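Asker: Shown below is the structure under consideration.
The values are calculated or read from the model by the stated rules, or taken from the named source; none is laboratory data. What you are looking at is a predicted structure, and each value in this text was computed from that prediction instead of being measured. With ideal geometry, Cβ positions are generated from the backbone for all residues, glycine too; neighbour counts draw on all protein chains shown. Ligands, DNA and RNA are excluded from the accessible area calculation, which covers all protein heavy atoms including side chains. Shrake-Rupley method; radii C 1.70, N 1.55, O 1.52, S 1.80 Å.
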2 protein chains.
Amino acid sequence: MARAATTTDVFNAIAEGSRRNILETLSGGEAAVGEIVDRLRLPQPQVSKHLGVLRSVDLVRCRTVGRRRLYRVNGAALKPVHDWARSFEGHWNAQLDRLDDLLTELQQPDSHEGEAQ
Amino acid sequence: MARAATTTDVFNAIAEGSRRNILETLSGGEAAVGEIVDRLRLPQPQVSKHLGVLRSVDLVRCRTVGRRRLYRVNGAALKPVHDWARSFEGHWNAQLDRLDDLLTELQQPDSHEGEAQ
DNA sequence: AGATCATATGTCCATATGGGAATGTGTCAA
DNA sequence: TTGACACATTCCCATATGGACATATGATCT
């Protein structure tokens with residue numbers, strides 16, 4: 001199998017940076033496709049396709065007004081992401097960080113420098 | 001361009017369900033590759049490859065003990081995801097949900113309304 | 001009716017993928 | 001040393017992708 005479809009779930013949908021940018025743009029409130037195009041300076045077909053992906057996982061919803069389509073964020077769809085990440089909250093606290101440092105130290109008896117890639 | 005590499009950032013890395021499962025498995029503490037294989041019932045090469053992706057975005061770290069490799073979560077790498085999702089928190093609250101309901105309502109000429117044209 | 005605006009959809013392609021299978025590497029035991 | 005174990009790496013392939021471009025749909029206005 002290849003990589004899972006971007007429309008599989010919210011995690012796949014927000015993997016793409018442009019789609020996160022679109023969501024951030026919509027964070028302030030409803031916006032038409034053209035406004036998103038102007039703000040993000042992306043080709044209109046691209047924006048429409050990204051919006052299609054976001055819509056398919058219910059991250060955005062839209063209503064039609066005249067010949068424009070106003071999109072808005074459905075933040076509730078992001079709650080699972082928030083909660084999932086939050087379940088690791090204990091892992092970015094001081095206690096465990098010190099343990100991690102210790103383990104890292106034990107692993108590398110020498111250097112203090114150098115990030116791989 | 002094709003889809004961004006899974007190693008591009010944390011968002012891409014956690015898009016894959018198996019990798020999220022691995023992180024959850026490691027949530028309880030250090031574990032060797034073989035333990036992950038047993039718990040998730042995945043082929044060992046797959047687990048190793050997933051771990052490679054997770055390592056490349058610093059979501060996991062490992063130390064070598066004998067001929068085993070003990071992996072652990074670096075939860076701090078998930079904080080950006082948490083914070084980003086959290087920035088939409090206002091969008092999954094009652095106030096805005098009611099607004100959303102209203103907009104959805106307006107969108108669907110559902111009620112006792114005559115057809116105009 | 002056209003013409004024009006706003007958006008969606010379709011086609012093409014280079015690219016990265018995850019899964020499967022086989023093989024390589026490094027460590028320990030006998 | 002040889003062999004068994006634990007893990008990483010490599011190869012192959014079907015598949016979905018995002019970008020660029022062209023085109024279709026649909027609503028509004030003259």
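Asker: Kindly rank A:11-24, A:55-68, B:49-62 from highest to lowest mean number of other beta carbons found within 10 Å of each residue.
Answerer: Packing order, densest peptide first, comes out as A:11-24, B:49-62, A:55-68.
Asker: When Lys and Arg each count +1 and Asp and Glu each count -1, what net charge do the other residues less than 13 Å away from residue B:44, Cβ to Cβ, add up to?
Answerer: +3
Asker: Quick check: net charge around residue B:81, other residues with Cβ under 10 Å of its Cβ, Lys/Arg +1 and Asp/Glu -1?
Answerer: Local charge sum for residue B:81: +1.
Asker: Ok, one more. In the neighborhood of residue B:6, defined by Cβ-to-Cβ distances under 11 Å, what is the net charge if each Lys or Arg adds +1 and each Asp or Glu adds -1?
Answerer: Combined, the nearby Lys, Arg, Asp and Glu give +2.
Asker: How far is residue B:87 from itself in the other copies, in nm, if each label sits 7 Å out from Cα along the Cα-Cβ line, shortest first?
Answerer: 2.5
Asker: Additional query: Rounded to the nearest percent, how much of the accessible area of the range A:10-74 (1.4 Å probe, protein heavy atoms only) is carbon and sulfur?
Answerer: The C+S portion of the solvent-accessible surface of the range A:10-74 is 44 percent.
Asker: Beyond 16 Å, what share of the Cα-Cα pairs of the range B:10-74 is found? Please give it as a whole percent.
Answerer: For the range B:10-74, the share of Cα pairs beyond 16 Å comes to 35 percent.
Asker: Specify the inter-centroid distance of the range B:1-22 and the range A:36-75, based on alpha-carbon positions, in whole Å.
Answerer: The two parts, judged by their Cα centres, are 23 Å apart.
Asker: Which distances, in nm and shortest first, link the residue A:28 label point to the same label point in every other copy, taking 7 Å along Cα→Cβ?
Answerer: 4.8
Asker: Below 16 Å, Cα to Cα, which lysines can residue A:79 reach? Residues fewer than 8 away in the same chain don't count.
Answerer: Here the lysines satisfying the reach criterion relative to residue A:79 are B:79.
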